[in-house]
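A short reminder: the numbers here are calculations on the coordinates, not readings from a lab. Only a predicted model underlies this, so the values are computations on that prediction, with no experimental measurement involved. Here the Cβ positions follow ideal geometry from the backbone for every residue, glycine too, while neighbour counts run over all protein chains shown.
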């Protein structure tokens, strides 16, 4: 096949445009992810405030276990479930941090 790598269904002359298109699509997904992660953090702040009022601990192992189980159930690839779990473990860590700040009245956001 001249000009086309058999692994991909795009010719060499179209490849640069396709690469640019895919990178633009990833940029859009990244923007949406940032907005969604910030919305998730806003919810965590509110949860932290409520936990502060109720004198509840920030760390809730059963809830974190439930969240990770949900992530594993919802994940259908191509990222392996273990990779998705690692990503969300980090998201949970940061959510717990903003919850803790909100529950004690610390932090600026």
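Can you tell me what percent of all Cα-Cα pairs in the chain are more than 17 Å apart?
Tail of the P(r) past 17 Å holds 67 percent of the pairs.
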Original post:
In degrees between 0 and 90, to the nearest 10, how far off the longest principal axis of the chain does helix 81-104 point, with axes built from Cα atoms?
Top reply: 30 degrees
Original post:
Which FRET efficiency value, to the nearest 0.05, do you get for residue 37 and residue 13 by plugging their Cβ-Cβ distance into 1/(1 + (r/R0)^6) with R0 = 30 Å?
Top reply: 0.20
Subject >> Inter-label distance, nm, simple model (7 Å from Cα along the C-beta direction), residue 50/residue 20 >> reply: 4.8 nm
**OP:** May I ask you to derive the relative contact order of the chain, considering only C-alpha pairs under 8 Å and at least 6 residues apart, and to give it as an integer percent?
**Re:** 32 percent
Original post:
For helix 15-54, what angle does its Cα long axis make with the longest principal axis of the chain, in degrees from 0 to 90 and rounded to 10?
Top reply: 10 degrees
